[in-house]
Structures are given as structure tokens and as C-alpha cells.
Amino acid sequence: MAGSVQAGLAESTRGLFPVKVAIFPDLHVGITQESTARLVAEKLRAEAPDVIVLAGDLGEPLPRFEQALDLFADVDCAVAVLAGNHDVWNRFEIETSEELWNGRLPGAVRDRGFVWLEEENIVAHGTAVVGTIGWYDYSAKPPEFAHKDDEVMFRTKKVFNNDGNYIDWPWTDVEFAGMVGASFVQRMEAANADPAVHEIIVVTHVPVFPEQASRQPGNNPRAAAYFGNWSLGRVIEQYDKVAHVFSGHTHDGVAAVHVTPRGRGIPCTTVGSDYGAPRYAVWGE
Ligand SMILES: [Fe+2]
Ligand SMILES: [Fe+2]
């Protein structure tokens, strides 16, 4: 059931200033030193955003994810959280990926009074923040690998991406992408139908538009299949209220405009937040 949370904004400022949303993916606490993450979190807090979106890959295993959340424990604004692919790894065989996804991660988020963006939207100043992990479904697979079917792409993933080694949930990538995609569409429909919402900021962990793809492809171009979900982008582009799309996951910063088949330009950003060098983007300055 799609719900929404009204971010607490001073009534006197409503309508005078655009809402300020900070998007912070790929903190990777544990790989990134906590002291480094703390410095960036303090800098972000000084920006005084209305909404902070922690957009996946906060840290693993679970205590690292919780450390990342606790960097924002006493901020004076709404905090929304998405998981990333690393956050559902069961590398140390503590909690299964299914337990993390269905219970431990949303539980850790809600215990702190934060919003699990995978199930609820945030609405502030007439702007809705709608998000999802946006799991890859191989629609970003380069054309030269078109002959590799979904089963091959799934079975051989571990050669190209550690998700294939450390994620032990029972779903294939196509199944999981379909599950989270359907739930995301419900929340988009709710925001779209809400007369109080005049624009939508979409935040995903995995990029959704080809224009957001990494400009530094690795040695093996097949790995790109695990770094985008272009079919989700084709859904998002149908909503005229979408003002901007932000993603993470590739760690390679890109600012671009996606042009829809109807000729509308949607600004899109991949935040270049990397191991050891976490970064955030601010919308509405
Ligand atoms: Fe990441
Ligand atoms: Fe990621």
C-alpha cells in the first residue's frame, strides 16, 4: 500500500522557497572510513536540506548499515532510505538477503524514525520524493550480448559482479526487478494522482536512463547489464510531473538530460559517490 509522509516544514516558508532535497548514495561505511563518512554527513547537515535521501549501498553487513544511518540520527529534517545491492549481501552468512530485504533493513530504518522509501513517499512543499532500489533486469545489456538470455545472465553473474556471490535470496534478477518495479509504480501513481503534488523527484539506486550510464565502462562491457534498468526508465518518463531523476550505484558522476519519445527533457544525475570519497547532490538550491 503506497503511503506518504509529510516532511515537517515551517508553515511560514511553505511556497516561498523550493524544497531542498539532498541525495546521498554509496556511503559504503566499512569500505569508506566512518570518519570520512561523518565529515561528509556533517557538511550535508550544514546545507540544511528539507529531505535527505540515503540512496543505497550504505554499508554491509547490517551493523555497518546501521552505522551509516546513525550518522543522521539527530538531523532536523526528514530522512528517507533506500537499500542498495551491497546492503542485501549475506557475505558473512549472518542474515540471509531475504531477511535483510524483508525485515532487518526496513526495521533498522523505521527504528530511527526514518522513512523506508521502498514503501512510502515523502511529500514536502508540493514535491514528492518517490524511490526504489530499481533492480537491474538486463535491459541495460549491451546489444552485442543480446544472444545471452536471462538464465545465462543470471547464472554467470558472479563472474562480472559480486552480487552473484553474496546475494542468496530466492528470486532471479528479473523476478526481483519485477517485484520492486510494480511496487514503485503504485507509489508513482499515488504521487501522480495527488493534487497536492506538483512535481516528483525520483531517486533510484540503479540508474534508469541510458544517459546516466557510467562513462568509464570497465574491461568487460557485459558488466553494464548489472548497472542499469532502462525498462524502469521507460515507465518513469511517462509521468509528466517528474522533474529530476537521481541515481547512484555506478560511482561515476554524470549530469545529463534524458529525452523522452515525446520530446520532453528530464534532467538526470548519477551521483559520483565512490569508495572512500562519498558525495551527495542537492536539488532545489
Ligand atoms: Fe555502491
Ligand atoms: Fe550499488
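For Ser139, which of the numbered conditions (1) closer than 20 Å to Val235 by Cα; (2) polar (S, T, N, Q); (3) within 16 Å of ligand 2 (Cβ to nearest atom) fails to hold? Tallying (1) closer than 20 Å to Val235 by Cα; (2) polar (S, T, N, Q); (3) within 16 Å of ligand 2 (Cβ to nearest atom), Ser139 fails exactly one: (3).
Within region 214-238, being within 19 Å of Ala55 (Cβ to Cβ) and within 16 Å of ligand 2 (Cβ to nearest atom) holds for Ser214, Tyr226, Phe227, Gly228, Asn229, Leu232.
I'd like the full set of residues that are among the charged types (D, E, K, R), under 25 Å from Asn85 (Cβ atoms) and in contact (Cβ under 8 Å) with a residue 24 or more places away in the chain, limited to region 234-278. Full working, then the answer.
Step one: list which residues in region 234-278 are among the charged types (D, E, K, R), which gives 234, 237, 240-241, 252, 262, 264, 274.
The next check asks that each one be under 25 Å from Asn85 (Cβ atoms); those that pass are 234, 237, 252, 274.
Correct list: Glu237, Asp252, Asp274.
When residues in region 198-223 are screened for being of a type outside the set (S, T, N, Q), more than 14 Å from Thr270 (Cα to Cα) and surrounded by fewer than 20 Cβ atoms within 10 Å (Cβ to Cβ), 7 of them pass.
Identify all residues within region 101-120 that are without any contact (Cβ under 8 Å) to a residue 40 or more places away in the chain and in contact with a helix residue (DSSP H, G or I) (Cβ under 8 Å, 6 or more places away or on another chain); write none if there are none.
Passing the criteria: only Trp116.
Checking each residue in region 19-57 for being closer than 19 Å to Val245 by Cα and in a strand (DSSP E or B) picks out Val21, Ala22, Ile23, Phe24, Val51, Ile52, Val53, Leu54, Ala55. Considering the conditions (1) small (Gly, Ala, Ser); (2) under 15 Å from the mean Cα position of the chain (by Cα); (3) over 10 Å from Thr132 (Cβ atoms), Gly181 is excluded by exactly one of them, (3). Of the residues making up region 237-258, at least one is farther than 25 Å from Tyr280 by Cβ and away from ligand 1 (no atom under 16 Å from the Cβ).
Figure legend. Inter-residue proximity from region 7-34: first residues closer than 13 Å to Val79 by Cα and small (Gly, Ala, Ser), second residues within 16 Å of ligand 2 (Cβ to nearest atom) and at pLDDT below 75, beta-carbon distance below 9 Å, spacing 6+ or different chains. No pairs are indicated. Identify, please: which residue in region 192-213 is away from ligand 2 (no atom under 16 Å from the Cβ) and among the β-branched types (Val, Ile, Thr) and is, among those, farthest from Gly126 (Cα to Cα)? Here the answer is Val202.
Of the listed requirements (1) away from ligand 2 (no atom under 16 Å from the Cβ); (2) buried (at least 18 other Cβ atoms within 10 Å of the Cβ); (3) in contact (Cβ under 8 Å) with a residue 60 or more places away in the chain, Thr96 misses just one: (2). Scanning region 88-141 for residues that are in a loop (DSSP other than H, G, I, E, B), at pLDDT 95 or above and small (Gly, Ala, Ser) gives Gly113, Gly134, Ser139, Ala140. Out of all the residues in region 239-249, is one or more within 16 Å of ligand 2 (Cβ to nearest atom) and among the acidic types (Asp, Glu)? Within region 239-249, none of the residues are within 16 Å of ligand 2 (Cβ to nearest atom) and among the acidic types (Asp, Glu).
The values are calculated or read from the model by the stated rules, or taken from the named source; none is laboratory data. Predicted model only: the values in this text are computed from it and were never measured. Virtual Cβ from ideal backbone geometry, glycine too; neighbours counted across all protein chains shown.
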